[in-house]
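The values are calculated or read from the model by the stated rules, or taken from the named source; none is laboratory data. Keep in mind that what you see is a predicted model, and the values were worked out from it rather than measured. Here the Cβ positions follow ideal geometry from the backbone for every residue, glycine too, while neighbour counts run over all protein chains shown. Surface areas here come from the heavy atoms of the whole protein model, side chains and all, with no ligands, DNA or RNA. Shrake-Rupley method; radii C 1.70, N 1.55, O 1.52, S 1.80 Å.
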Amino acid sequence: MACNGSGCQSGCYKDEEEPKRENLAVPTKTDSASNGNICVKCKLNDSVSGYGGIDDGRFCADCFRSNLFGKFRYAVTSNAMISPTDKVLVAFSGGPSSRIALQYVHDLQERAQKNFDACRDRSLPVFGVGVVFIDESAVVPIPSGEMDEAVGFVSSVVSCLAPPKKELHVVPIETIYSSDSSDGKERLLKILNAVSDPTGREDLLVNIRMLALQKVASEFGYNRLVLGSCISRIASHVISATVKGQGYSLPADIQYVDARWEIPVVLPLRDCFAQEINMLCRLDGLKTLKLSTSPSSTINGLVSSFVQLLQEENPSRESTIVRTAGKLIPFQFNKIPEITDGHVPLATRRRQKRYNLKSNESVSSESFCPLCNSPLDKSEIVNRSNHDNGSTGEFFYAACCSSCQYQILPRDSTTMEQFYTDLPQSIISRSEEANNCNLSLLREQIQDCLLSDDEEET
């Protein structure tokens, strides 16, 4: 029998006297969703398509913007990436991902400023934002004049953002040695040219770039470093790191937060696809920058092309790769240190406590590679006493991870000694700290076998 309910959409049949009324009924959600041209969220506007993402053709332009910003905002809030008292530094290369990261961080700051202006007691501060652009023309072959145009482009993008004002830092990568070093470029070229493997040279440049970002953040008082790494780049990194034998340290690189550095690194676009980011740039007319570089024949470049091909065949490939790698147990430094500042809202602190990694859900690591700062497995920790009589170069070589030893570091002792001499002081200092840490760890491991000061050997 019929239910006779005017609003019933359960599929039950109606009285035969009402055939015309059924024909005039408003289309159901299922009917609207079956139309490929209608947005599945608002059911009003035509959907946008053509960007090849996992949600291609599902949302209209407005809902697409809202969905993408929602991914960013959820990553920021659930992982306590940015609090009102923070000073955030956005790494800006001019590419689509860093362009969207900068725009979204600006949007958060603009909303915080409006809330601050509307609040009578002005008790909730507005987090600060800075932008850094690393000039790599000293080590990367870029046509003359193009870098000047790139710097001008970056300056115009930052200056066109609405208040609050963002401070821009344009930093040559060779300043990793010293702000006023005249031989920084020469020393940097020496260590890069000493690496025979193209993939190793590319990875070393990535490590040096991170040190340059950390140096700027530390010198200017920032306490967060925002990178624009998206799920597409992370998927490529998962495969390339596995190929290069970096499986143990892989979980450290793919989390939302990486606090092993002096300034914690956060990835608020971790859940966003490169195709979505490119589409948003086109929809909003956001200009991007792409410097002229030679084609990459490294493992990283080949893997990136391979993952891109997989994504074209199946839009969920990148997500599957990252979700599979996400099952690996992260490290204890993959979280923001617990917030104790009274200026931070209680809701933010509770949210951080809820989503932060628990001690039984993470792995501790006391030792890191002095060159790439990857966590070391206990099997990779070398007994330094075997190298007490060796040179500093040999000592440094033994302290590094197996991937750096194989792809970056020279095998010849003389070349290795010169390579060590030309390294930035920050890497050398990290090696010395690692040595002290490993000695302490070794002493703890053999503590039961040691004689105490008041015991005599029998």
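Determine the alpha carbon to alpha carbon distance for each of K114/K335; K43/K166; K165/K327; K71/K185; K215/K378; K190/K244 and list only those over 31 Å.
From the list (K114/K335; K43/K166; K165/K327; K71/K185; K215/K378; K190/K244), the Cα-Cα distance tops 31 Å for K43/K166; K165/K327; K71/K185.
What value in Å³ per residue do you get for the convex hull of the alpha-carbon atoms in region 220-297?
151
Full-extension gain between I329 and T392, please, as 0.36 nm times their residue separation minus the C-alpha to C-alpha distance.
Value of the extension gain: 19.2 nm.
Run the accessible area of region 168-305 with a 1.4 Å probe and give the carbon-and-sulfur part as a rounded percent.
Looking at region 168-305 in its full context, I get 51 percent from C and S.
With unit charges on the beta carbons (Lys and Arg positive, Asp and Glu negative) and the dipole taken about the Cα centre of region 228-302, which residue among M279, Q255, G301 sits farthest to the positive side?
The listed residue farthest towards the positive side: G301.
For region 118-165, report the accessible area per residue in Å² (1.4 Å probe, heavy atoms, rounded to an integer).
Per residue, region 118-165 has an accessible area of 53 Å².
Report the extension gain between T242 and S196 in nm, rounded to one decimal, defined as 0.36 nm multiplied by the number of residues separating them, less their alpha carbon distance. The partial results should precede the final answer.
Working: separation 46, 0.36 × 46 = 16.56 nm, distance 2.09 nm.
Using 0.36 nm per residue and subtracting the Cα-Cα distance, I get 14.5 nm.
Sorted by accessible area (1.4 Å probe), largest first, how do L168, L89 line up? Walk me through the numbers before you get to the answer.
Values: L168 55, L89 0 Å².
Sorted by accessible area, descending: L168, L89.
So between K114 and E312, what do we pick up on full extension, going 0.36 nm a residue minus the alpha carbon distance? Don't skip to the answer; put the middle values down first.
Values: separation 198, 0.36 × 198 = 71.28 nm, distance 4.16 nm.
Here the answer is 67.1 nm.
Could you put C42, C230 in order of accessible surface area, largest first, with the 1.4 Å probe and the full protein assembly present?
If we order C42, C230 from most to least accessible, we get C42, C230.
In what order, largest first, do R209, R99 sit by accessible area if the probe radius is 1.4 Å?
Putting R209, R99 in descending order of accessible area: R209, R99.
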